[in-house]
Structure formats: structure tokens, C-alpha cells
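The values are calculated or read from the model by the stated rules, or taken from the named source; none is laboratory data. From a predicted model like this one, the values you see are computed outputs, not experimental measurements. Glycine also receives a Cβ, built like all others from the backbone with ideal geometry; neighbour counts cover every protein chain displayed.
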């Protein structure tokens, strides 16, 4: 199994959290798993939707962690999102 990359989103809100995640997964090979740590209360709603839109796989919550943590598997060919609006598909800015 490949190493898991942990990304600490702290208390970032949805938009900034998705920008952080999008930028990090862009640097990883397909199949990599990211554990996103965040206290954002809407993360369990937004992350599955964002993953569905971009083609990444939402793997759910990670058990046994101190803070809420969510797992995402990086897609081979993810769908690009808008440069400033990571919740919108498309490569425009």
C-alpha cells in the first residue's frame, strides 16, 4: 500500500479547503490517498460532492483519529475545476 499523505485543513472554510485539497492532489500520482484533517462542519457533505465532480474517489471518514479526517483517492484523469472556484468544473479563471 502506498503511503498516505496527510493534509491539515485546520478550520478553513469550504472554498479555501477545496483550494488546498485541489492544489495538493494535483502534485500526487493517481491512486494516492490523501487524509484531509478538518473541523469544517460541512466537509462530510462538500467533499463527496467535490470528488464526484472531479473524478476523485471519496473514501469516507478515517476512524481512530483525534480530529475529523476524510480520505480521498486521487483520480488518474481528474476533471479540472475553475481556478478561483474549486467547486465549479472547468479550467477557466
Residue within region 25-34 that is crowded, with 16+ Cβ neighbours inside 10 Å and free of Cβ contacts under 8 Å to residues at least 40 places away in the same chain present
no
Taking into account only those residues within region 51-92 that are crowded, with 17+ Cβ neighbours inside 10 Å and more than 14 Å from residue 34 (Cα to Cα), which is modelled with the highest pLDDT?
54
